[in-house]
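Just so you know, all these numbers are worked out from the coordinates, no wet-lab data involved. These numbers come from a predicted model, not from an experiment. Reconstructed Cβ throughout: ideal geometry from the backbone, glycine too, with neighbour counts over all protein chains shown.
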Amino acid sequence: MSTEKRAPLDRKRVADTALKLLNETGLDGLTLRAIAKELDVKAPALYWHFKDKQALLDEMATEMYRRMVAGTALDPDDTWQERMRKVNHGLRAALLAYRDGARVYSGSRFTGTDHAREMEENLRLFTAAGFTLAETVRANATAYAYTIGFVIEEQGVKPLPGERREGYDLGDRARMLAEYPLAAAAGAEIFEDYDRHFEEGLQLLIAGVAAQYGR
């Protein structure tokens with residue numbers, strides 16, 4: 001009989017295992033049964049830590065956030081524009097590290113207060129730049145929604161870097177839309193060069209915030 005001692009089952013171990021499996025199965029294939037099998041435990045053991053799959057997703061999103069900010073520090077000399085760019089580029093990069101990362105993160109609730117320090121620093125920077133608290137929240141919530149939505153669409157085409165879902169071949173699309181030349185040509189602007197598209201969209205959003213609130 002093996003005398004090897006297994007690590008104790010806790011919330012972090014379950015979430016770490018779920019995030020590892022996520023890249024293999026995607027969100028739709030991620031089940032408590034599959035996670036339990038990977039951990040070599042019975043599925044009911046997971047319910048001591050998570051009452052349902054959504055509770056697990058909340059912890060997974062929280063762990064994604066912890067990993068995203070680990071070892072990083074916000075620059076107090078950032079302008080609000082620089083901060084908005086850095087935060088949302090960092091969020092996008094973190095989400096792209098996981099298959100269906102944006103779907104996991106979207107709508108999840110943080111399980112602790114890990115996010116509060118960075119949130120407080122962002123609120124202080126924006127209000128010091130002349131935004132009201134309400135304007136600060138609205139501007140950053142809009143940028144967050146843009147980033148989440150962008151990555152959900154991006155991962156619908158490219159689930160992971162180097163992958164591309166069937167049905168998104170630009171040549172096939174152009175031939176199918178041959179009677180609509182502008183729509184056909186738009187394919188390259190929709191389904192290619194996501195890095196450039198994200199940056200351009202974020203700059204449009206920042207310019208809109210500045211125009212709307214006179215900053």
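With the simple model of a label 7 Å out from the Cα in the direction of the Cβ, Lys51 to Lys86 spans 3.9 nm. Return the aspartates and glutamates within reach of Lys86: Cα separation strictly under 18 angstrom, same-chain partners fewer than 8 residues apart disregarded; answer none if there are no such residues. The qualifying aspartates and glutamates are Asp75, Asp77, Asp78, Glu118, Glu120, Glu121, Asp195, Glu199, Glu200.
For the chain, averaging the sequence separation of C-alpha pairs within contact (under 8 Å, six or more residues apart) and dividing by the residue count gives a relative contact order of 19 percent.
The lysines within cross-link reach of Lys20, meaning a Cα-to-Cα straight distance under 24 Å and a gap of 8 or more places when in the same chain, are Lys5, Lys12, Lys37, Lys42, Lys51, Lys53, Lys158. Maximal additional length on extending the Glu120-Thr25 stretch stands at 30.6 nm, based on 0.36 nm per residue less the C-alpha distance.
Between Arg33 and Glu166, how high is the FRET efficiency from 1/(1 + (r/R0)^6) when r is the Cβ-Cβ distance and R₀ = 30 Å? Nearest 0.05. The computed FRET efficiency comes out at 0.60. For segment 1-89, the list of GluC sites (Glu not before Pro) that fall in a loop by DSSP and count at most 10 other C-beta atoms within 10 angstrom reads Glu4. Charge dipole (Cα centre; +1 on Lys/Arg Cβ, -1 on Asp/Glu Cβ; no other charges) of segment 11-213 amounts to roughly 840 debye. Close amide H contacts of Asp78 (hydrogens built in the peptide plane, cut-off under 5 Å, sequence separation of 5 or more or a different chain): none are found. As a proxy for reagent exposure, Tyr47, Tyr98 were ordered by neighbouring Cβ count within 10 angstrom, fewest first; the result is Tyr47, Tyr98. With each label modelled as a point 7 angstrom along the Cα→C-beta vector, the Arg175-Ala188 pair spans 1.9 nm.
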